[in-house]
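K.L.:
This is the structure, below, for whatever I ask next.
The values are calculated or read from the model by the stated rules, or taken from the named source; none is laboratory data. From a predicted model like this one, the values you see are computed outputs, not experimental measurements. Here Cβ is always computed from backbone atoms with ideal geometry, including for glycine, and neighbour counts include all displayed protein chains. The accessibility values were calculated without ligands, DNA or RNA, using every heavy atom of the protein model including side chains. Shrake-Rupley method; radii C 1.70, N 1.55, O 1.52, S 1.80 Å.
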Amino acid sequence: MLVPISSIGRGLCVLLGISMEDTQKDVDYMVRKILNLRLFDDENGRAWSKSVMDKEYEVLCVSQFTLQCILKGNKPDFHAAMPAELSQPFYNNILEHLRSTYKPEMIKDGQFGAYMQVHIQNDGPVTIELVSPSAPMDPKQLAKQEKQQQRKEKQRSKGPSESGRERAAPRPRAQDPNASSGADGDVSSERET
């Protein structure tokens, strides 16, 4: 028998794989990206214009250690995944950061470490793979890149410049190969009992 654990309406289903090397900087990066990615249409139907926060949509996070899989021949190896005793507090930290940055009631999650059936009605379909910067860098260089990225996001939220509007052409709705899910409709996770 399946017991519903969590579900959302429109929003994002985030399958979250935590690696051995992830740090608080990765948490900060991923939370900022999850909440600010422009995956949704605006009021005029313009694609890739609004974030989950702009639209006041929900986010369902599901811990997914299998995303840290490395294939050894035909056999999956999960040694790159953070062990459960470390990754559960890390995962909870991500959820708390999402809740404190957005609206707590809009952030849902599955059951950590449980075997679940996740049902996703994918709109588009759109699947975005987010990978936080993993290579250790010079802290000054990393801070500089982060500031540049934040400036770009602020600029985007103000809208395109006049010259940007002239150059902008409608984009076809195609699957982005560098793609978390922009889900439309019911998204839920369930556990067998």
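K.L.:
What order do ARG99, ARG151, ARG156 take when sorted by accessible area (1.4 Å probe), most exposed first?
P.N.:
The residues order as ARG151, ARG156, ARG99, largest area first.
K.L.:
Roughly what percent of Cα-Cα pairs across region 63-120 reach past 15 Å?
P.N.:
When all Cα pairs of region 63-120 are counted, 60 percent exceed 15 Å.
K.L.:
Past 28 Å, Cα to Cα: identify those pairs from LYS25/LYS103; LYS33/LYS72; LYS108/LYS144; LYS72/LYS147; LYS50/LYS72, in the order given.
P.N.:
The answer is LYS33/LYS72; LYS108/LYS144; LYS72/LYS147; LYS50/LYS72.
K.L.:
Do any chymotrypsin sites (Phe, Trp or Tyr not before Pro) in region 39-80 lie in a DSSP loop with no more than 12 other beta carbon atoms within 10 Å, and if so, which?
P.N.:
Working: sites: PHE40, TRP48, TYR57, PHE65, PHE78; in loops: TRP48, TYR57, PHE78.
Filter output for region 39-80: empty list.
K.L.:
Which order do ASP28, ASP54, ASP42 take by accessible area at a 1.4 Å probe, largest first? Intermediate values should be presented prior to the final figure.
P.N.:
Details: ASP28 70, ASP54 90, ASP42 20 Å².
The residues order as ASP54, ASP28, ASP42, largest area first.
K.L.:
Let me ask another. May I ask you to compute the full-extension gain from GLU105 to GLU21, defined as 0.36 nm times their residue separation minus their alpha-carbon distance, rounded to one decimal in nm?
P.N.:
27.3 nm is the gain from fully extending GLU105 to GLU21.
K.L.:
Now for a separate question. Would you please classify the overall shape of region 1-151 from the alpha carbon gyration tensor, given that a ≥ b ≥ c denote the square roots of the eigenvalues, rounded means a/c under 1.5, and beyond that prolate means a/b larger than b/c while oblate covers the rest? Walk me through the numbers before you get to the answer.
P.N.:
Working: a/c = 1.58, a/b = 1.06, b/c = 1.49.
Taking the square roots of the gyration eigenvalues as a ≥ b ≥ c, region 1-151 is oblate.
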